[in-house]
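Right, one structure below, let's go through it.
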Amino acid sequence: MTHTLDVNERISQLDRSHAIDAPTSARSTIPTRASKFGTFAITFGITFAILYTIFERLNWPLFTYHPAVGKVDFWMQRARSGEGPPMYWYGWLALAFPGALVLGWIATMISGRWLHRATIFCCVLAALWPAALAFSAFIADRASFDAEFLKSIWISAIPALVGAAAASCFVTPQWAQRVWTGWLLIVPIGGLVVLGYSLKQYFLR
Amino acid sequence: MDIIFDIVSVRTFWRFLLFVHFLLAVALLAAVTLQAMAIMIPVRQAAGKFLQRLRPGPAASYAAAIVILYVPTFLLGAWIYIKYRTYVRIPMEQFGHWWTVGSFEFKEHVVTMGMALLPAYWYFWRQPLSEEHASARKWVTLFLAFTVWYAFVIGHVANDFRGVGS
């Protein structure tokens, strides 16, 4: 047993020194699968960006901080007279951080194939749901009949879920694996576009 | 906090925190800029001797420093944000500096997204560098550089309105 461990350690050391000394062209021989930490880190980055954007847009903070009086309220509380402006940012972080931690941990326990498909499902859903909601609201405002029901977020969830399911089912495993790390940039940039657009009131005054 | 405020005034305390935040941000800015330059300017390029001499050290050597600097800069900024919300933003709104208010609001989202990418950034820069993640490593690094630059510039603008030396 000890001997086996020693041999493994030496092989691992040899692999490591070979990888460090090797020229760039030879580095492609390094195993291509992400380690558990890599899986966690990439999933954490993607899910945090999605959760943070959702919590900010829906204004779901875990708590509200009133800095003028140093008071903390659970969940979202509007500004109260004499208590100054409320701060929600800490509350969004406090909700998004553990959520992303848990999802990152779960990602390390499922197979890569499922993880890549689940990532596509979640990212496409995150893009389609607000798009479907905006489109529904556009239709509802212009319809000649009473179409207020279209403005429900649950109605717009239906086409978004169908689209996300179709996207995650029809992509090939190879493509899903290839684009997986790409989500790490697409999602935060997409989130920033949404969050930036939500601040347009400040720039259009 | 009361013990601290017995020694220094509230104003001096927050200004000290803001100054430390600024120093950390300058160090972080230098590190991400050098790393971004190291990525963008290849080792062998025909741009002339001047650029070759300017080229910073190996990009990987900055990764640990960037992670170590980003986290406390973020946390200190999150702390100072309390003072900004009451002491700076309210007069900013009263004077109608809406672009500064909006840009600073966007800053909180930008640095948060950068913070979320730090574990992946650290993973991509772990030795031995994986050729498979070369593209992701480059773009995540450039994104981090953007977050730091944006936060630095907008933070500086807000500081000019009401901060150290304003």
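Readers should treat all values here as calculations from the given coordinates under stated rules, not as data from a laboratory. Predicted, not measured: the structure shown is a model, and the values here were computed from it. Don't worry about glycine lacking a Cβ; one is built from the backbone with ideal geometry, like all the others, and counts go over all protein chains shown.
Details
- Helix B:98-124 vs. chain B, principal-axis angle (Cα, 0 to 90°, nearest 10): 40 degrees
- Spin-label pair residue B:153/residue B:71, simplified geometry with 7 Å Cα→Cβ offset, distance in nm: 2.9 nm
- Mean projected area of the Cα convex hull of the stretch A:91-205, taken over all directions, amounts to 9.7 nm².
- Take each residue of peptide B:97-107, count the partner chain Cβ atoms within 10 Å of its Cβ, and average: the result is 4.
- Size check on the stretch A:35-109: the Cα extents along the three principal axes, sorted descending, read 52, 21, 13 Å.
- Förster radius 41 Å - calculated FRET efficiency between residue B:11 and residue A:146 (Cβ-Cβ, nearest 0.05): 0.10
- In degrees, nearest ten, helix B:63-83 long axis to first principal axis of chain B (Cα): 20 degrees
- Shown for A:195, B:23: other C-beta atoms within 10 Å of each C-beta, ranked fewest to most, produce the order B:23, A:195.
- Descending by average beta-carbon neighbour count within 10 Å, the peptides A:69-82, B:149-162 line up as B:149-162, A:69-82, the highest first.
- Once the Kirkwood radius over Cα pairs is known for the protein assembly as shown, the Stokes-Einstein relation at 25 °C and 0.890 mPa s delivers a diffusion coefficient of 105 µm²/s.
- The angle separating the long axis of helix B:10-40 from the principal Cα axis of greatest extent in chain B is about 20 degrees.
- Spatial extent of the stretch B:2-161: Rg and Dmax, with the Cα atoms as the point set, Å: 18.4, 61
- With a Förster radius of 25 Å applied to the beta-carbon distance between residue A:36 and residue A:170, the computed FRET efficiency rounds to 0.30.
- Spacing of the two label points (7 Å from each Cα toward its C-beta) at residue A:105 and residue A:83, in nm: 3.2 nm
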